[in-house]
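*Asks:* Have a look at this one.
The values are calculated or read from the model by the stated rules, or taken from the named source; none is laboratory data. From a predicted model like this one, the values you see are computed outputs, not experimental measurements. Methodologically, a virtual Cβ is constructed for each residue, glycine included, from the backbone with ideal geometry; neighbour enumeration extends over all protein chains shown.
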Amino acid sequence: MSASARDKDDAGTTPEAARRERTLRAAVRQGLLDPESALLAAFVDLDGVDSTVASLRSAFPDSLRVLHAFAAKANCLVPVLEALRLNGMGCEVASAGELAQALAAGFDPARIVFDSPAKTRAELVRALSLGVAVNADGFQELARIDDILATRASGSRIGVRINPQVGGGSISAMSTATATSKFGVPLADEGNRRRLLQAYRDRPWLTWVHTHVGSQGCPLDLIAGGVAKAVEFAEEVNAHLGRRQVTGIDIGGGLPVNFDSDETTPGFDAYVDRLREHAPALFSGAYEIVTEFGRSVLAKNGFMAAYVEYTKTVGGRPVAITHAGAQVATRTVFAPGAWPLRIEAHDPDGSAKGGPPVVQDIAGPCCFAGDLLARERALPLLDAGDLVVVPDTGAYYFSTPFHYNSLPEPAVHGVRIDAGGRVTFRPLRPARTVDPDAQFLTDR
């Protein structure tokens, strides 16, 4: 089935589409979407988040000691992080800013993992002082940690990120275990395995191994194969030292997301099955485990909705100019082949729009020609004042805006729907707006 046919089918039949429509209609009634004052808004399905986290937990055996640390980069809004904390998750951070947001969301430092290829000395001092887990990205960072620990004690779990060099997926920018990836210590490069074994021998406090193969575009067998290399190396360290010094393995995240339909595939259970096949020692109970899933936790639990401001016909093709473009869908606009998104057409009241499909472009508000959410997409013909819904954008889209043309960040609303169908909203981020007197962007 084509993407456009799926769009039409989803808008009319799936429970997820019906839930989006119910949310949209309530948002219009309550003024959270308004053609004059709220042109674009984003929504996070908090019930969906609960369900996804539960499925992640249930995929791993209860007999294992597992910390599921949400990758904050996927959606760093503090109320979203807080909701994940209340669901029992930890938090993986990759900058001082993300660490500050995780702490603001109430995470215990012992349940935070700090990964970054460019940690400064000051950032390391803060993390080690707080007791945040740290994964060193290379030998120079290990030497810096040596210097810090020489003058202060730390309760942090400390590991080294290795690059298993197992190859890349279909999106090179998302593949972090290629022969020349910038991340981690490349395990197969000449001399590195010996240097790493010596690094663990010299540092009894070095008790973790970390790897992350990649995310979108990486097949499960590739990811699981990279994890297997990390587990093999952990076993090698312990055998080499004659003691179980490595007690934990951080296997990263990276479960890809299906952007073609409302189906959630692959699931966490399918990934765990691949891990059992490639890395059975991971399930022996000998190691604590950390996961770092982000996109797969949030993407399908969020959507954006934007008004159509104008329509026109150009070269015989209808074009709808909307208020959602590169500022909230940067990857899709600049790399549409790798990051296609579905579009749903709705009437001004939020109801799914009817009518025969018409091939049309869905454009954003940014002032460059390539600002298109979708090209030649078959949808009911959009009119000015209609709404477009962009599903599967709960991660990396509206939560990490691109400030092109100084377009304001949209409001983000948390959504819950009770058994009776009543929709309630919770503000997660206020809209940014232009102050009419001072002429600057401010929270509304």
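*Asks:* If you scan region 262-280, which residues turn out to be within 23 Å of the chain's Cα centre (by Cα) and not in a helix (DSSP H, G or I)?
*Replies:* If the condition is that a residue be within 23 Å of the chain's Cα centre (by Cα) and not in a helix (DSSP H, G or I), then 262, 263, 264, 265, 266, 267 are the ones that fit.
*Asks:* Where in region 61-119 are the strands (runs of 3 or more DSSP E), entirely inside, with at least 1 residues that are within 21 Å of residue 394 (Cβ to Cβ)?
*Replies:* 66-71, 90-93
*Asks:* Within region 140-164, track down each residue that is under 19 Å from residue 234 (Cβ atoms), in a loop (DSSP other than H, G, I, E, B) and touching a residue at least 40 places away in the same chain (Cβ under 8 Å).
*Replies:* 157, 164
*Asks:* Suppose we keep only residues that are farther than 20 Å from residue 294 by Cβ and of a type in the set (Ser, Thr, Tyr) within region 85-138. Which one would you say is surrounded by the fewest Cβ atoms within 10 Å (Cβ to Cβ)?
*Replies:* If we take residues in region 85-138 being farther than 20 Å from residue 294 by Cβ and of a type in the set (Ser, Thr, Tyr), then 120 is surrounded by the fewest Cβ atoms within 10 Å (Cβ to Cβ).
*Asks:* Restricting to region 49-65, what's the tally of residues that are under 12 Å from residue 301 (Cβ atoms) and surrounded by fewer than 20 Cβ atoms within 10 Å (Cβ to Cβ)?
*Replies:* 3
*Asks:* (1) touching a residue at least 40 places away in the same chain (Cβ under 8 Å); (2) surrounded by fewer than 16 Cβ atoms within 10 Å (Cβ to Cβ); (3) in a loop (DSSP other than H, G, I, E, B): which one isn't true of residue 246, the others all being true?
*Replies:* Among (1) touching a residue at least 40 places away in the same chain (Cβ under 8 Å); (2) surrounded by fewer than 16 Cβ atoms within 10 Å (Cβ to Cβ); (3) in a loop (DSSP other than H, G, I, E, B), residue 246 violates only (2).
Every residue, every condition in (1) modelled with pLDDT under 95; (2) out of contact with any Pro (no Cβ under 9 Å at 6 or more places or on another chain); (3) over 18 Å from residue 227 (Cα atoms); (4) in a strand (DSSP E or B), yes or no:
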| residue | (1), (2), (3), (4) |
| --- | --- |
| 282 | no, yes, no, no |
| 297 | no, yes, yes, no |
| 300 | no, no, yes, no |
| 309 | no, no, yes, yes |
| 313 | no, yes, yes, yes |
| 319 | no, yes, yes, yes |
| 336 | no, yes, yes, no |
| 339 | no, yes, yes, no |
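*Asks:* Among the numbered criteria (1) in the same structural domain as residue 386 (by TED's automatic domain parsing); (2) out of contact with any strand residue (DSSP E or B) (no Cβ under 6 Å at 6 or more places or on another chain); (3) within 20 Å of residue 297 (Cα to Cα), which single criterion is violated by residue 42?
*Replies:* (2) is the only condition that residue 42 fails.
*Asks:* Which count do you get for residues in region 400-418 that are modelled with pLDDT of 95 or more and either assigned to a strand (DSSP E or B) or small (Gly, Ala, Ser) (or both)?
*Replies:* 7
*Asks:* Another question, if that's okay. Among the residues of region 214-222, is there at least one that is surrounded by fewer than 17 Cβ atoms within 10 Å (Cβ to Cβ), under 24 Å from the mean Cα position of the chain (by Cα), touching a residue at least 12 places away in the same chain (Cβ under 8 Å) and part of a helix (DSSP H, G or I)? Full working, then the answer.
*Replies:* Looking only at region 214-222, we keep the residues that are surrounded by fewer than 17 Cβ atoms within 10 Å (Cβ to Cβ), and these are 219, 221.
Applying the additional criterion that residues be under 24 Å from the mean Cα position of the chain (by Cα) yields 219, 221.
Keeping just the survivors that are touching a residue at least 12 places away in the same chain (Cβ under 8 Å) gives 219, 221.
The next check asks that each one be part of a helix (DSSP H, G or I); those that pass are 221.
Within region 214-222, one or more residues are surrounded by fewer than 17 Cβ atoms within 10 Å (Cβ to Cβ), under 24 Å from the mean Cα position of the chain (by Cα), touching a residue at least 12 places away in the same chain (Cβ under 8 Å) and part of a helix (DSSP H, G or I).
*Asks:* Just to check your reading of the model, which residue among 305, 363 is closer than 24 Å to residue 16 by Cβ, crowded, with 24+ Cβ neighbours inside 10 Å and among the small types (Gly, Ala, Ser)?
*Replies:* Just one listed residue meets the conditions, 305.
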